[in-house]
Amino acid sequence: MSFLLVYHDRNRALAASDDLSVTFGANGGGVTAMPGKFPKFLVVGSLIFFACGRTDVVATLRHGFAQLHAENPNLSLSNVSEILADAGRRLWGKRVAQAGAPSTSDAIEYGVVGYDSVTKRVRAFVSASYQNDFAPVETTADPHARVFALGAYGIADRPVLEALTRRLQRTDRQQLGWVAAALRDTIEALHGEHPESIGAPSFYGALNSRGVVDLPPEFPTPVAEKGAAVGAHLVTTNKAVAMDGINRFFCGSIVTPAQGALDTTGNDDGGSSSAPGITTRYFLGAFGKFDVITPGGNGVITAQPNEVDGNLATFAEYQVTGNSSAANSAAFSLNVSALPVRRPISETLKILYAIPTNSLAGSNPGARAVISVVYQVGSAAPVVTNLAVISKGVTVPLTTLSLDLPVNATLLVINGSVVSTSSDASGTLKLDVYEIWVEAVE
């Protein structure tokens, strides 16, 4: 249960929210307000991330957004919105049922607002669990739009919200303090109508083209209060579960040293543990280089950089069409320089790929698509491993290939190709490579 209002014009944005968070009793045991005050948005750098809905999913999205912005402060707002949509989609698919919670509470609405340096204006995007596959909607696409609401309001609240909309139609010359007061008054009115589902107006945040804007003291920004649960700890001892998602990490356990032994400094230095070190994902955009391989015949290569961009939602595509020629081909060869692994315990190469179309149907039984890896240790002969060999007519759903690498490998080349044979008179073959990365335990 929560409520949030966001105002925006071309140059400014302001968020205001209530402070309510609730829990549901088992077997319909009622609704209980949690102690503390809970803002529905987070000001990070020069952006505002906002979210209403299930606390567990929202907390993970909040943490992920903060980490995303810290690591990629120059991402455009449209890119951020797409990444958030993908994150919400995956988190929502893994959510667990909430005991005692009504079906109407099983939802999330979230998004981001900020000044877009590319378009030179404020932009805001919203995603929702009931929207078309979490597709982000730009609320600022209409230049006359000024305000939107998220959270626990209904059709009966339409007159109050429409009054606010009219009040904010001509605000370009009003101070942000005046806008904040208008949002506060509306939240206060709805709180009076629905005190069990909408809290009192409590938190405000504003920005313009230069960054965060200070508001008058009666409009406080979100500050975590002592004892207030503003996030969630999603802890598991299962490493596979811990790493299955974006913005996650695995913190290895250690055995502390006996009295008098050398002090522990982390990463298993103090003893032999069952799960040593930290696990780091190295996406290969910064470490790999593609050889230039010209497609043969009617072969087509599309968006090749996507397979090393760190985004598991985008892909590079390699395609051939059967026309009774063995000259049709499309391929890649990714040469990887040394990874900056500190003290590797293990390294695993992973390739996320799919073959959505494979209608080549010639009589030749040979392979039509191959993904292989070559590595070398010292002066030893290179080792070639075929991770996927696909015959005619075989499609493959989204699949992750894995190969454990020697930690002292000095050469790493990932190859992939699609071909047609002279017996393939028709049909199409598509290989989609979503991402190639290395996971290292250090």
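For the criterion of being surrounded by fewer than 22 Cβ atoms within 10 Å (Cβ to Cβ), at pLDDT 90 or above and either not charged (D, E, K, R) or not assigned by TED's automatic domain parsing to the domain that holds residue 148 (or both), residue 46 fails.
Filtered by the rule that a residue be at pLDDT below 95, touching an Asp or Glu at 6+ places or on another chain (Cβ under 8 Å) and surrounded by 14 or more Cβ atoms within 10 Å (Cβ to Cβ), the range 165-190 gives a lone residue, 171.
Inspect the range 70-77 for any residue being more than 30 Å from residue 172 (Cα to Cα) and part of a helix (DSSP H, G or I) and give the result as yes or no. Scanning the range 70-77, I find at least one residue that is more than 30 Å from residue 172 (Cα to Cα) and part of a helix (DSSP H, G or I), so the answer is yes.
Out of curiosity, is residue 200 under 34 Å from the mean Cα position of the chain (by Cα) and farther than 21 Å from residue 105 by Cβ? It is false that residue 200 is under 34 Å from the mean Cα position of the chain (by Cα) and farther than 21 Å from residue 105 by Cβ. A single entry from 293, 254, 301 fulfils the requirement of being more than 29 Å from the chain's Cα centre (by Cα), surrounded by 13 or more Cβ atoms within 10 Å (Cβ to Cβ) and modelled with pLDDT of 95 or more: 293.
Within this structure, residue 348 passes the test of being modelled with pLDDT under 95, assigned to a strand (DSSP E or B), surrounded by fewer than 16 Cβ atoms within 10 Å (Cβ to Cβ) and under 31 Å from the mean Cα position of the chain (by Cα). Taken across the range 352-371, residues that are under 15 Å from residue 282 (Cβ atoms) and aliphatic (A, V, I, L, M) do occur, with at least one present.
If you go through the range 422-442 and keep only what is crowded, with 21+ Cβ neighbours inside 10 Å and not in a strand (DSSP E or B), you end up with just 424. Across the range 314-341, the number of residues qualifying as farther than 21 Å from residue 376 by Cβ and not in a strand (DSSP E or B) comes to 9. Among the residues of the range 329-376, those that are in contact with a helix residue (DSSP H, G or I) (Cβ under 9 Å, 6 or more places away or on another chain) and among the β-branched types (Val, Ile, Thr) comprise 336, 351. Only one entry of 133, 172 meets the criterion of being in contact (Cβ under 8 Å) with a residue 60 or more places away in the chain and assigned by TED's automatic domain parsing to the domain that holds residue 62, and that entry is 172. Just one of (1) touching a helix residue (DSSP H, G or I) at 6+ places or on another chain (Cβ under 9 Å); (2) modelled with pLDDT of 85 or more; (3) surrounded by fewer than 15 Cβ atoms within 10 Å (Cβ to Cβ) fails for residue 93. It is (1). Being of a type in the set (Ser, Thr, Tyr), in a strand (DSSP E or B) and surrounded by 18 or more Cβ atoms within 10 Å (Cβ to Cβ) holds for only one residue in 417, 372, and it is 417. Of all residues in the range 311-319, at least one satisfies being touching a Lys or Arg at 6+ places or on another chain (Cβ under 9 Å), of a type in the set (S, T, N, Q) and either outside the structural domain of residue 434 (by TED's automatic domain parsing) or at negative phi (or both). Every listed requirement among (1) in contact with a Leu (Cβ under 6 Å, 6 or more places away or on another chain); (2) of a type outside the set (A, V, I, L, M); (3) closer than 24 Å to residue 214 by Cβ is met by residue 117 save one, (1).
The values are calculated or read from the model by the stated rules, or taken from the named source; none is laboratory data. Keep in mind the model is a prediction, meaning the values are calculated, not measured. As a convention, Cβ positions derive from the backbone with ideal geometry for all residues, glycine included, and neighbour counts pool all protein chains shown.
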